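The structure appears right after this line, and notes come after that.
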Amino acid sequence: MNNHPLLAALRVVGARGVARSVHYSVVRWLVSRRFRLPQPTGTPEPPGHGQGATPLAGGARFRFDRADLEIRFLAADLVRVTWGPGTLPVPYALAKTDWPEVPVGLREKAGRWVLASEALRVEVGLDGALQFLDPSGRVLRNDAPPLRRGEEVILRTALRQEEHVYGLGHRTVPLNLRGRTYQMWNRDPGAGHSPLDDPIYLCIPVSLAVHADGSYLVFYENSFRGTFTLGETAEAHFEGGALRYYVIPGPPARALERYTDLTGRPPLPPRWALGYHQSRWSYDTEAEVREIVDGFRDHGLPLSAIHLDIDYMDGFRVFTVSPRRFPGLAALARELLEREIRLVAIIDPGVKVDRGYDVFTHGERGEVFCQLPDGSLATAPVWPGWCAFPDFTDPRARAWWGRWYPRLLNLGISGFWHDMNEPAAFAAWGDPTLPDPVRHALDGRGGDHREAHNLYGFLENQAGYEALRALRPDARPFILSRSGWAGVQRYAWTWTGDIESTWRALRQTVATVINLGLSGVPYTGPDVGGFSGAPSAELYLRWLQLAAFLPFFRTHSAKFTPRREPWAFGTQALQIAREVLRLRYRLLPYLYTLAWEASRTGHPLVRPLWWPEAGNPALWDVQDAFFLGDALLVAPVLDEGARSREVTLPSGTWYEMGSDRAHRGPGRVALDAPLDRIPVLARAGSVLPMAGPPEGSAGETLALQVYRPDGSPGGGILYSDAGDGYGPGRLDHFTLHPDGGRLRIVWTTEGTYPFPYGEVDVHVYGLPVCRVTVDGGRVPCEHNRFRTGPFREASCEP
Ligand code: GLC
């Protein structure tokens, strides 16, 4: 909202809400004083001198004067470093803890200990400095001896001058994270956020470094509040816990595979989730939801989901429905489902303190809520007023929370939007969350909020996901979460939160989404148009065009903002928006295939331009374009008034999507970008599977866009299944063999799911085709295009 934060708050939560937030800030301060936590004193100390080393399975243990070190290879290209003393993490982030033993010899060399696998060598200095080298002896990473002061731990790592660093979860900074300090503390910025605000909702202590001698990923398994400074050197600092981190050498694709081996792959979502979502804070009543859905139908706009923001609840009580606004929610959900439109309902973790409300009384009786050290309830104000917060670090609380989902599932809600789960609290000043001394179960180990805070949203998602899997074993859960931590990709999607409605925020979206993907979280996207303001028609359209190529495609806007349905900006904008939405639905076979790939590899759908060639510094800073999968290079328009833009091309030949016009990289090229389209390029040699008309219905056509290979073979894949559930799938492989002037397309299939398309429409770009034979028989070809059924081999000749 473009006014003073206090006025904005008054408008949203009212005078009582503001009074509560002042009250809470005082309470929070008092609680922190009363249950004072130990503060680190003295000077940070290094581990001292190395005393000895003992080999152990896959690694070794080292003793230092004041510390001990364990190094274990979990795989040849995955090494875990643990410095003690310090509390070890509860392994929430880890999806895999059982690793086969890796043979590594421990030896001594020139006053250092050396451990090596076939992919990585670690050298331990007698002062506790660590060096990570590739098998050819090139240094990937240099860690200084770690420092400890009380519970606090600090690790400094050398950075090369040219070294670029990416990741760290949800950030609103340029793509390369060098040159700033980042907080590791999930935070709701309250009245919305702008580029460069830090921290925000979802911090992940994982980063990918790229330099002249290679690239590697590092993940700090430490959820304590911390800071990362990426200046001349990198400094990771945590307020407590053992210093445990994992190093993974290798190019980004391999590193992400390993990292998601460790922290889990993003499961295949239901196919509908990749469609278009319309949201607003709030579509207030059933009548309004119907009006919106009818608007989409009447304007010929495809739609997959409508989101219900907080006003559907009864007084913002989670797991309730307002009997006044949504008296017939079940009937509404049924009616929408018949039109293939899903309802997604928001859920906030704060449970209203209200003795007449069963979720609260039941939770209080079951002692599932967070407590202060004296055993009293830890409460803080959120939308419903004073709330209690389930302690999701307690397995009992997770199971208890999961028991309430049937209330909404049984009314026909298909997806859940976990908001405010940093957890956010309304504080007039100070940290807008629970106080540090709040106690948490941490799965039996016990601890305080400094350690549990960053895990809070992650564990709410775990609770929700596991409940949905158990309650609806044949449906894939859809959870959208604002907060999370390392591994959150196993349970939820995220979005870029309450970003302002400005051109710079539109531009920021690209770097934010790429860095989230490099942090293991592939499913994300912005509130189209920005959350808090009133985008012009042009800004709205440019945002819509960008988001059409991002995994999560949703328009959402704050209360008191002007309406933001595609028809709210006039007829010309509506026409353009319609084409954008239709293009999104035509892209679904490709997007769904990428989603399937992500579930197998952990590769993000949206990738930086240096993804396939991390050794090319010319691409390290490109943050105004991205790859969507292997085939497409998307160059959104990010400047007001621009009707063309320059695009950096990686090496190879690039076709304007759906056209024979080709450009040769590397280099820069200026491309037209009229208001109705953004530049999208297809890689030579790719096969892009798209849906042809009638889109989104049984018997739709598979439209294969074939881009002539540059000389070497090319191809593409298509994954299909029922779109939900856990039944069989099929994988169609298309390989392109250039053969003199001829192009052969070879089609092979794996899997038992029946081919779901009625017809195949092949369009060849970059090669004039006159004569086409399909499995030995001639088929007519017009304008480089032929229609057939599934085939084994097609031959296209000039
Ligand atoms: C938070 C969410 C926003 C939502 C609002 C009301 O600000 O980030 O998306 O609309 O709460 O629930």
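I'd like to check which strands (runs of 3 or more DSSP E) are fully inside the range 238-315 and have at least 1 residues that are open to solvent by 10 Å² or more (accessible area, probe 1.4 Å).
Passing ranges, in order: 243-249.
Please go through (1) part of a strand (DSSP E or B); (2) open to solvent by less than 10 Å² (accessible area, probe 1.4 Å) for LEU177 and return the number of the only condition it doesn't satisfy.
Of the numbered conditions (1) part of a strand (DSSP E or B); (2) open to solvent by less than 10 Å² (accessible area, probe 1.4 Å), the odd one out for LEU177 is (1).
So ALA670 passes all but one of these: (1) crowded, with 20+ Cβ neighbours inside 10 Å; (2) without any contact (Cβ under 8 Å) to a residue 40 or more places away in the chain; (3) closer than 21 Å to TRP503 by Cβ; (4) not polar (S, T, N, Q). Which condition number does it fail?
(1)
Residues in the range 643-664: is at least one among the basic types (Lys, Arg), in a strand (DSSP E or B) and within 30 Å of the chain's Cα centre (by Cα)?
yes
How many residues are over 19 Å from the mean Cα position of the chain (by Cα) and open to solvent by less than 30 Å² (accessible area, probe 1.4 Å) if we restrict to the range 586-607?
Total meeting the criteria: 2.
Looking at SER117, SER136, which one is open to solvent by 10 Å² or more (accessible area, probe 1.4 Å), touching a Pro at 6+ places or on another chain (Cβ under 8 Å) and among the hydroxyl-bearing types (Ser, Thr, Tyr)?
SER117
When only residues in the range 479-499 that are among the aromatic types (Phe, Trp, Tyr) and within 16 Å of the ligand (Cβ to nearest atom) count, which is nearest to the chain's Cα centre (by Cα)?
TRP493
Out of (1) open to solvent by 10 Å² or more (accessible area, probe 1.4 Å); (2) more than 23 Å from HIS211 (Cβ to Cβ), the odd one out for ALA93 is which?
Just one mismatch for ALA93, condition (1).
Can you report the number of residues in the range 341-356 which are more than 16 Å from the ligand (Cβ to nearest atom), free of Cβ contacts under 8 Å to residues at least 60 places away in the same chain and in contact with a helix residue (DSSP H, G or I) (Cβ under 7 Å, 6 or more places away or on another chain)?
Adding up the residues that qualify gives 4.
Return yes or no: is ASP431 of a type in the set (D, E, K, R), surrounded by fewer than 24 Cβ atoms within 10 Å (Cβ to Cβ) and in a loop (DSSP other than H, G, I, E, B)?
Here the answer is yes, as ASP431 does meet what is asked.
Does the range 414-440 hold any residues that are more than 16 Å from the ligand (Cβ to nearest atom) and over 17 Å from ALA93 (Cβ atoms), and which are they?
Result: SER414, ALA428, TRP429, GLY430, ASP431, LEU434, PRO435, ASP436, PRO437, VAL438, ARG439.
Give the residue, chosen from ALA242, ALA255, that is under 30 Å from GLY615 (Cβ atoms), touching a strand residue (DSSP E or B) at 6+ places or on another chain (Cβ under 6 Å) and in contact (Cβ under 8 Å) with a residue 40 or more places away in the chain.
On inspection, the qualifying residue turns out to be ALA255.
Can you pull out every residue in the range 205-237 that is within 17 Å of ALA158 (Cβ to Cβ), surrounded by fewer than 24 Cβ atoms within 10 Å (Cβ to Cβ) and of a type in the set (Ser, Thr, Tyr)?
Residues satisfying the conditions are SER215, TYR216, THR229, THR233.
Which of the following residues is more than 23 Å from SER686 (Cα to Cα), more than 16 Å from the ligand (Cβ to nearest atom) and open to solvent by 30 Å² or more (accessible area, probe 1.4 Å): ALA568, ALA577, ALA642, ALA573?
Exactly one residue qualifies, and that residue is ALA568.
Given GLY533, GLY529, which one is within 15 Å of the ligand (Cβ to nearest atom) and closer than 18 Å to ALA642 by Cα?
Criteria check complete, one pass: GLY529.
The rows are residues; the columns are (1) under 20 Å from VAL206 (Cβ atoms); (2) touching a helix residue (DSSP H, G or I) at 6+ places or on another chain (Cβ under 6 Å); (3) open to solvent by 10 Å² or more (accessible area, probe 1.4 Å).
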| position | (1), (2), (3) |
| --- | --- |
| TYR491 | yes, yes, yes |
| THR494 | yes, no, no |
| ASN515 | yes, no, no |
| GLY520 | yes, yes, no |
| THR524 | yes, yes, no |
| ASP527 | no, no, no |
| LEU541 | no, yes, no |
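Given GLN131, GLN183, which one is out of contact with any helix residue (DSSP H, G or I) (no Cβ under 6 Å at 6 or more places or on another chain), open to solvent by 20 Å² or more (accessible area, probe 1.4 Å) and without any contact (Cβ under 8 Å) to a residue 40 or more places away in the chain?
Testing whether each residue is out of contact with any helix residue (DSSP H, G or I) (no Cβ under 6 Å at 6 or more places or on another chain), open to solvent by 20 Å² or more (accessible area, probe 1.4 Å) and without any contact (Cβ under 8 Å) to a residue 40 or more places away in the chain leaves just GLN131.
What is the one condition in (1) part of a helix (DSSP H, G or I); (2) surrounded by 23 or more Cβ atoms within 10 Å (Cβ to Cβ); (3) away from the ligand (no atom under 15 Å from the Cβ) that ALA505 does not satisfy?
Going through (1) part of a helix (DSSP H, G or I); (2) surrounded by 23 or more Cβ atoms within 10 Å (Cβ to Cβ); (3) away from the ligand (no atom under 15 Å from the Cβ) one by one, ALA505 breaks only (3).
Quick check, is HIS170 in contact with a Phe, Trp or Tyr (Cβ under 9 Å, 6 or more places away or on another chain) and within 16 Å of the ligand (Cβ to nearest atom)?
yes
Could you say whether any residue in the range 447-463 is assigned to a strand (DSSP E or B) and either within 16 Å of the ligand (Cβ to nearest atom) or in contact (Cβ under 8 Å) with a residue 40 or more places away in the chain (or both)?
Looking through the range 447-463, at least one residue is assigned to a strand (DSSP E or B) and either within 16 Å of the ligand (Cβ to nearest atom) or in contact (Cβ under 8 Å) with a residue 40 or more places away in the chain (or both).
Looking at the range 316-340 only, could you name the residues that are open to solvent by 10 Å² or more (accessible area, probe 1.4 Å), away from the ligand (no atom under 16 Å from the Cβ) and among the hydrophobic types (A, V, I, L, M, F, W, C)?
Scanning the range 316-340 gives ALA330, ALA331, LEU337.
Which residue pairs have Cβ atoms under 6 Å apart, sit 6 or more places apart or on different chains, and have a first residue in the range 6-35 that is over 15 Å from GLY430 (Cβ atoms) and touching a residue at least 40 places away in the same chain (Cβ under 8 Å) and a second that is open to solvent by less than 70 Å² (accessible area, probe 1.4 Å) and among the hydroxyl-bearing types (Ser, Thr, Tyr)?
Pairs found: none.
The values are calculated or read from the model by the stated rules, or taken from the named source; none is laboratory data. None of these values were measured; they are calculated from a predicted model. Neighbour counts are summed over all protein chains in view; Cβ atoms, including those assigned to glycine, are modelled from backbone coordinates with ideal geometry. Calculation scope for accessible area: heavy atoms of the full protein, side chains included, ligands and nucleic acids excluded. Shrake-Rupley method; radii C 1.70, N 1.55, O 1.52, S 1.80 Å.
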